[in-house]
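Chemist: Below are the structure tokens for one structure; questions will follow.
Derivation of every value follows stated rules applied to the coordinates shown; laboratory data play no part. Only a predicted model underlies this, so the values are computations on that prediction, with no experimental measurement involved. Cβ atoms come from the backbone with ideal geometry, glycine included; neighbour counts cover every protein chain shown.
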There are 2 protein chains.
Amino acid sequence: MNTKIPKISSFPTGEENTGYAQYFTGKSWLAPLTKNSDLNVPLSNVTFEPGSRNNWHSHTGGQLLIVVGGEGLYQERGKPAIHLKSGDIVEIAPNVEHWHGATSKSWFSHLATNGNPKTNENIWLEPVTDEVYNEANLEIKK
Amino acid sequence: MNTKIPKISSFPTGEENTGYAQYFTGKSWLAPLTKNSDLNVPLSNVTFEPGSRNNWHSHTGGQLLIVVGGEGLYQERGKPAIHLKSGDIVEIAPNVEHWHGATSKSWFSHLATNGNPKTNENIWLEPVTDEVYNEANLEIKK
């Protein structure tokens, strides 16, 4: 069954993100936006369907998220979730465990680039449980 | 006289870009969006009033532009100008001479990050003449 993806930003949505599906709960789509590795800023647009989020993970080089559409969530281990909307920027320091994804009711798109891509490694951890995810969604409604 | 800046993206417009005014024809505004230098992705939003553009210049580390609002122009030395709209990405290779700015009739905002910020140097050259600028604007109407 094909999912109908709404147009929530000016950036391309790309293809279903099957390569990283093992690290996601729910579906996502990935559009690589850059080619020139000399710049050391590999940029992609990641789109999450409502309810979709990636596993807890960290990046040895850090990560930068640029929110371009819809509504999403970002949470660092041990901290409250943050509600994200278009125009928000998230700077994720190296080695900080976190997850990001759509809210339960909205599609969500962010551009993402890994810091220090020549040496960066992504460390994938356990899925975000429904309990943690639902609590994060409740927090943003307070 | 204050300029009334239209809201053309979800990102902050920041302050008038007086620090770089010597390298611009027309006014621009600059909003730094990141703080964590560990990521090596220093991101800013640059907003140009209609007719505003920066001088010919190059970056030893290259540059990435992410168009988030309005309509603009990008031109590399010796090539036709490219018309830019929200959702467009420009990868500027190291040491390539170029300029960017708004079209003559539209405000324009792009996010920008320098590649390889720890070693990057910006090489500023001569202003883009009205002749070159007007020709670029004509090209996009063809």
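Chemist: Which residue, A:E126, A:E97, A:E49, has the most motion in a Gaussian network model of chain A that connects Cα atoms within less than 10 Å?
Modeler: Of A:E126, A:E97, A:E49, the Gaussian network model singles out A:E126 as fluctuating most.
Chemist: Let me ask another. Label-to-label distances across copies for B:K105, with labels 7 Å out along Cα→Cβ, in nm, shortest first?
Modeler: Reported distances to equivalent positions: 4.1 nm.
Chemist: Let me ask something additional. Which entries in A:K85/B:K27; A:K27/B:K35; A:K4/A:K35; B:K7/B:K27; A:K7/A:K141 show an alpha-carbon gap greater than 20 Å?
Modeler: Violating the 20 Å limit, Cα to Cα: A:K85/B:K27; A:K27/B:K35; A:K4/A:K35; A:K7/A:K141.
Chemist: Moving on. Between segment A:14-62 and segment B:58-86, how far is it from one alpha carbon centroid to the other, in angstrom?
Modeler: Here the answer is 25 Å between Cα centres.
Chemist: Right, here's the next one. To the nearest 20 debye, what charge dipole does the protein assembly as shown have about its Cα centre, counting +1 at the Cβ of each Lys and Arg and -1 at the Cβ of each Asp and Glu?
Modeler: The dipole of the protein assembly as shown has a size of about 600 debye.
Chemist: Just to verify a number: FRET efficiency for B:I5 and A:K7, C-beta to C-beta distance, R0 = 25 Å, to 0.05?
Modeler: Rounded to the nearest 0.05, the efficiency is 0.45.
Chemist: Dipole of segment A:1-99 (Lys/Arg Cβ +1, Asp/Glu Cβ -1, origin at the Cα centre): which of A:G62, A:H83, A:W99 lies farthest to the positive side?
Modeler: The one lying farthest along the dipole's positive direction is A:H83.
Chemist: A further question on this structure: Assuming a ≥ b ≥ c are the square roots of the Cα gyration tensor eigenvalues, decide whether segment B:62-142 counts as rounded (a/c under 1.5), prolate (otherwise, with a/b larger than b/c) or oblate.
Modeler: Because a/c hits 1.5 or more and a/b fails to exceed b/c, segment B:62-142 counts as oblate.
Chemist: Further, regarding this structure: So if I place +1 on the C-beta of Lys and Arg and -1 on the C-beta of Asp and Glu, and nothing else carries charge, what would the dipole magnitude of segment A:33-92 be about its Cα centre? I want it in debye, nearest 20.
Modeler: Around 120 debye, computed over segment A:33-92.
Chemist: Now for a separate question. Treating the beta-carbon of each Lys and Arg as +1 and of each Asp and Glu as -1, no other charges, what is the dipole magnitude of chain A about its Cα centre, to the nearest 20 debye?
Modeler: Using Cβ point charges on Lys, Arg, Asp and Glu, chain A gives about 360 debye.
Chemist: What are the distances, in nm and sorted shortest first, from the label point of B:A21 to the label points of the same position in each other copy, with each label point placed 7 Å from Cα along the Cα-to-Cβ direction?
Modeler: 5.6
Chemist: Moving on. Got the B:K85 label distances to the other copies yet, label 7 Å along Cα→Cβ, in nm, shortest first?
Modeler: 2.6
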